[in-house]
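Laboratory data are not the source of any read-out in this text; all were calculated from the coordinates shown. Worth saying up front: this structure is predicted, and the values here are computed from it rather than measured. Because the Cβ atoms are built from the backbone with ideal geometry, glycine has one as well, and the counts that use them run over all protein chains shown.
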Amino acid sequence: MRALVAVPLVLILVVGGAWIVYAAAGWNVPAHEILIAAATCLISGELAMAPLLLSGRDSQLAVSQAALVGTMVQLLAGVALAAVVILGKFPLGTSFIYWLMALYWVTLAVVVVVYVRALKSAPAAPSAAKP
């Protein structure tokens with residue numbers, strides 16, 4: 001369950017830090033662009049955790065396959081959600097794309113770290129079938 005908290009926590013830290021930097025520099029904060037990009041990455045990052053939750057405490061083989069599927073889910077969900085936002089004619093500037101890419105890479109790093117930790121804690125061999 002800690003895996004589900006990791007992505008929102010890191011997104012809050014990154015977006016909050018960016019907000020502070022924008023305010024300290026005296027720049028205009030593109031609030032709706034940052035928040036829509038963060039929401040897009042939050043949804044895709046949380047969807048990426050589904051294969052890990054479904055694999056449970058299975059073997060390293062199952063967790064590694066879940067990690068592959070999870071990163072693919074994150075990429076495809078992020079692209080699909082970004083396409084909905086861009087093709088939906090939302091009034092966004094070009095900073096949306098920059099924030100989307102930055103937050104995608106941040107959430108990808110979090111997803112990979114969560115999967116690597118799960119892989120290290122998983123048993124090496126599959127569990128034996130019980131009679």
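Across the stretch 26-83, what is the number of residues that are touching a helix residue (DSSP H, G or I) at 6+ places or on another chain (Cβ under 7 Å), within 23 Å of LEU13 (Cα to Cα) and polar (S, T, N, Q)?
4
Identify the residue in the stretch 66-116 that is touching a residue at least 12 places away in the same chain (Cβ under 8 Å) and polar (S, T, N, Q) and, among all such residues, is nearest to ALA38 (Cα to Cα).
Taking the candidates together, the pick is THR107.
Given the conditions (1) under 17 Å from the mean Cα position of the chain (by Cα); (2) not in a helix (DSSP H, G or I); (3) not basic (Lys, Arg), and given that VAL110 satisfies all but one, which numbered condition is not satisfied?
Of everything listed in (1) under 17 Å from the mean Cα position of the chain (by Cα); (2) not in a helix (DSSP H, G or I); (3) not basic (Lys, Arg), VAL110 misses just condition (2).
Filter the stretch 30-54 down to residues that are without any contact (Cβ under 8 Å) to a residue 24 or more places away in the chain and crowded, with 20+ Cβ neighbours inside 10 Å, then give me how many there are.
Residues of the stretch 30-54 that are without any contact (Cβ under 8 Å) to a residue 24 or more places away in the chain, as a first pass: 31, 35, 39, 50-51, 54.
Among the residues that remain, those that are also crowded, with 20+ Cβ neighbours inside 10 Å are: 51.
Looking only at that region, the number is 1.
So which residues in the stretch 30-59 are β-branched (Val, Ile, Thr) and over 11 Å from TRP99 (Cβ atoms)? Give the derivation first.
Pass one, the stretch 30-59, residues β-branched (Val, Ile, Thr): 34, 36, 40, 43.
ILE43, the sole residue that qualifies.
Are there any helices (runs of 4 or more DSSP H) wholly within the stretch 2-87 with 3 or more residues that are more than 13 Å from ALA118 (Cβ to Cβ), and if so which? Before the answer, list the steps.
Numbers: elements: 2-25, 31-48, 50-55, 60-87.
Output list reads 2-25, 31-48, 60-87.
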